[in-house]
Amino acid sequence: MYFHKYTKYTEKCAYLLYGGEKQQYELLCADSMVWLKNQKNKSLKNVVTGIPDFAEVKSSKIPDIKSYVKWFNQIAELIMLSIQPNGYCIFIQTDRKLSGKQNPPNYKFEWISKSNLLMNCAKKNKFRLIWHKIASYRPIADTYIRPGYSHMLCFTKNGLHDVESKFPDVIDSPTKLYPNGTPYEALQITMDFIKKYYKSTNNDDLFPYDIVDPFIGQGTVGVVALSKGFSIFGIDIDPEQVKKTENNLANAI
């Protein structure tokens, strides 16, 4: 039986959703940046997420590409600061080629490399990039105005990684829970990696969930995390997305 519990959260009413007798997942309908700012440094075990594209967050607060890049950098840094030293933050990101109307002045076109933004943030906060893979969700020879692949970048401070344990550089990932969702096969490899290498610590100050996704969308990260035996905490600012995630996670248990 699944039920809703409402609570006050940063002047907003948030959904809290629980699964089964043992709490397997929790969903919060709130502003992810506000939530991340309220977390203690080094308090999260692992974060697996994709920071949203400009089109998904465009608003009066983020009206243009310049403000989006600033917001992206702030989110990435908050995530890295929140990770405990032996935990992992894994980003699955798709680059974007801007249309003419989105371009800054004096630019005919521009490619937004989210991998480059994440690498700069990691260097600033002294994180190691321990692997970088490509998840391809369209045929290699296919051509389209938008990229047909996502970058998978795994960062950690002190997390383990066996260089002899290899997996492909390019991962065929055609399956998605919904059109803009995270590639399913890429997440399976991601969760298998965390399951093998993450070493938990007996620290009462740590957030209790194995995986946090601050931009859970409709729940692909949660579905795969649950299938691998992890508990999941997800956040989304859109109530409709939270409801869809609830249904998807309930069906996954």
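Which entries in Lys42/Lys124; Lys123/Lys199; Lys42/Lys126; Lys114/Lys199 show an alpha-carbon gap greater than 20 Å? Let's see the in-between values first.
Working: Lys42/Lys124 16 Å; Lys123/Lys199 24 Å; Lys42/Lys126 13 Å; Lys114/Lys199 28 Å.
Check vs 20 Å cut-off fails for Lys123/Lys199; Lys114/Lys199.
Tell me which residues come under 5 Å, amide H to amide H, from Trp131 once H is placed; ignore anything under 5 positions away on its chain.
The list, which skips near neighbours in sequence, is Cys154.
Could the peptides 128-138, 181-191 be put in order, highest first, of the mean number of other beta-carbon atoms found within 10 Å of their residues?
Numbers: 128-138: 16.9, 181-191: 22.4.
Packing proxy ranking, top to bottom: 181-191, 128-138.
So between Lys123 and Phe207, what do we pick up on full extension, going 0.36 nm a residue minus the alpha carbon distance?
Taking 0.36 nm per residue and subtracting the Cα distance, the gain is 27.7 nm.
Taking the Cβ-Cβ separation of Val170 and Ser227 as r and a Förster radius of 25 Å, what is the calculated FRET efficiency to the nearest 0.05?
According to the calculation, E is roughly 0.60.
Return the subset of Lys166/Lys244; Lys40/Lys196; Lys58/Lys133; Lys58/Lys195; Lys66/Lys228; Lys61/Lys228 for which the Cα-Cα distance in this structure is over 32 Å, preserving the input order.
Listed pairs above 32 Å: Lys166/Lys244; Lys58/Lys195; Lys66/Lys228; Lys61/Lys228.
Under the rule of at least 5 residues apart or a separate chain, name every residue whose amide H is placed under 5 Å from the amide H of Leu206.
Close amide H contacts, sequence-distant or interchain: none at all.
Going highest first, how would you order 54-63, 111-120 by mean Cβ packing within 10 Å?
Going by the mean number of other Cβ atoms within 10 Å, highest first, we get 111-120, 54-63.
Sort 74-81, 32-39 by packing, meaning the average of other beta carbons within 10 Å per residue, with the highest value first. Spell out each step's value before the answer.
Details: 74-81: 19.8, 32-39: 16.6.
Per-residue mean Cβ counts within 10 Å order the peptides as 74-81, 32-39.
None of the figures in this text is laboratory data; all of them are computed from the coordinates on show. Since this is a predicted model, take the numbers as computed values, not measurements. Glycine gets a Cβ as well: all are built from the backbone with ideal geometry, and neighbour counts include every protein chain shown.
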